[in-house]
Amino acid sequence: FTELQLDDQVALLRAHAGEHLLLGCARRSLHLKDVLLLGNNCIIAKHNIDGRMDIDISMIGMRVMDEIVKP
């Protein structure tokens, strides 16, 4: 990676930033049960009991937990 030109490095990072963020979140959450730990120390619970979380965020969180963190 470091041997690539700077423009190519930036292009690769931009193209895959979402994957890096997702994998970082999954890695931080490996030791937790039914919770995703975000980079800002906020959490996404697998089961949204109080109903305050956006349904789309909740569904994405469940999918990350089921498919990446603990498949």
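Annotations for the structure displayed:
- With respect to the conditions (1) without any contact (Cβ under 8 Å) to a residue 40 or more places away in the chain; (2) part of a helix (DSSP H, G or I); (3) surrounded by 14 or more Cβ atoms within 10 Å (Cβ to Cβ), Gln9 falls short on a single one, namely (3).
- Residues in segment 35-69 that are assigned to a helix (DSSP H, G or I), free of Cβ contacts under 8 Å to residues at least 24 places away in the same chain and either surrounded by 10 or more Cβ atoms within 10 Å (Cβ to Cβ) or of a type in the set (Val, Ile, Thr) (or both): 9 in all.
- For segment 1-59, the candidate set comprises residues that are under 11 Å from the mean Cα position of the chain (by Cα) and charged (D, E, K, R); within that set, the residue that is nearest to Lys70 (Cα to Cα) is Arg27.
- Test for Leu32: is it part of a loop (DSSP other than H, G, I, E, B), modelled with pLDDT of 85 or more and surrounded by 11 or more Cβ atoms within 10 Å (Cβ to Cβ): yes
The values are calculated or read from the model by the stated rules, or taken from the named source; none is laboratory data. Predicted, not measured: the structure shown is a model, and the values here were computed from it. Please note: Cβ atoms are built from the backbone with ideal geometry, for glycine as well, and neighbour counts cover all protein chains shown.
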